[in-house]
Amino acid sequence: MPIRTRKFLGTIFLLLLVVVWSLLGMTIAQTPWLANSGLLQAIFYVVAGLGWVLPAMPIISWMSRPDRPA
């Protein structure tokens, strides 16, 4: 697959990841057990804010792989 196609598909995958991740984060943030504790909220927002990076890393490395020589 050419690098242009990988970058296009990777961009779409990353956008989907961010949208789904943020919707899940908003849903979990509204749960009563989390909404009642300031410490749990702080931990949750740090983990949720940085957590999307782990699934994004393989997508980005796949996107940036060079083309195979012909």
> Say each of Ile3 and Val53 gets a label point 7 Å from the Cα, pointing the same way as Cα to Cβ; how far apart are those two points in nm?
Replying inline: 2.5
> Which helices count as membrane-span-like in the chain under these terms: full DSSP H, at least 20 Å along the axis by C-alpha, Kyte-Doolittle mean of 1.0 or more?
Replying inline: 3-29
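Taking the alpha carbon gyration tensor of the range 3-62, what are the square roots of 5 times its eigenvalues, largest first, to the nearest whole Å? Intermediate values should be presented prior to the final figure.
Working: eigenvalues 181, 25, 5 Å².
Semi-axes, largest first: 30, 11, 5 Å.
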> Please state the relative contact order of the chain as a whole percent: Cα pairs under 8 Å, 6+ residues apart?
Replying inline: 58
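Values quoted throughout were computed directly from the atomic coordinates according to the rules given, and no laboratory measurement underlies them. Here the structure is a predicted model, which means the values were calculated and not measured. Neighbour counts are summed over all protein chains in view; Cβ atoms, including those assigned to glycine, are modelled from backbone coordinates with ideal geometry.
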